[in-house]
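Beneath this line is the structure, given in structure tokens, with notes to follow.
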């Protein structure tokens, strides 16, 4: 009688564990869309509407030379004896300058400047105007050195991908992250991009068919979030959850049967 009761307890325990495991399936999924159809994706933008604007935490290279960048051109061409006319102390651009939380960056020759909210072109123009007061035909180059996108490429995995090219496509960014995992849904990719007013616009991409090749050429922008939905593996998830308990219960039931004999 006691063995029968133990078997019933064992069966009910397994059922409870399975039900609890079902609740944990896909529990790490992010950015779920309501199933009532109330959510509307934003219209796909192949090229960012606006140039990237510098924000706090960004780092950038600052390269400067006089005479419309003569020194830069000569140095790149291998000419070493430039003479005193070109020895103006142009900056090589090998140093990164940090945009602090107050939106300012400390630059050589210029001191502290408020750069937050400016595009690269706007900052270059601003610096050229300031430097033109002391130097002849200043040439300024600015490059954001820490532009990146965050890619959630599958179940429980994410990567921060640095963008060395301002025209990096969606397909290139995904390739840099290692591609789409076997559990990923190529037909359900969400891109979340911060707009000028601070709100994130959300686009849906389908790369599962050849028709998605156009969307694959979409240009990503610094600080984009790229989330690849994934399909849950229900059976393996349940077995993973209840496996240890099932082994313990089976062992206990075997021991009870042995001692009962």
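Every number here is computed from the coordinates shown, using simple stated rules; none is lab data. As the structure is a prediction and not an experimental result, all values here were calculated from the model. Neighbour counts run over all protein chains shown; Cβ positions are idealised from the backbone, glycine included.
Quick rundown of the values:
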{"read-out": "Estimated FRET transfer efficiency (residue 210, residue 128; beta-carbon r; R0 35 Å; 0.05)", "value": "0.15"}
{"read-out": "Nitroxide proxy distance, nm - points 7 Å out along Cα→Cβ at residue 169 and residue 106", "value": "4.4 nm"}
{"read-out": "Full-stretch length increase - residue 162, residue 36 - with 0.36 nm per residue and alpha-carbon distance subtracted", "value": "41.7 nm"}
{"read-out": "Cα gyration tensor shape for the range 148-230, rounded if a/c is under 1.5, else prolate or oblate", "value": "rounded"}
{"read-out": "Segment residue 114-residue 50, length gained on full extension (0.36 nm per residue, minus Cα span)", "value": "21.0 nm"}
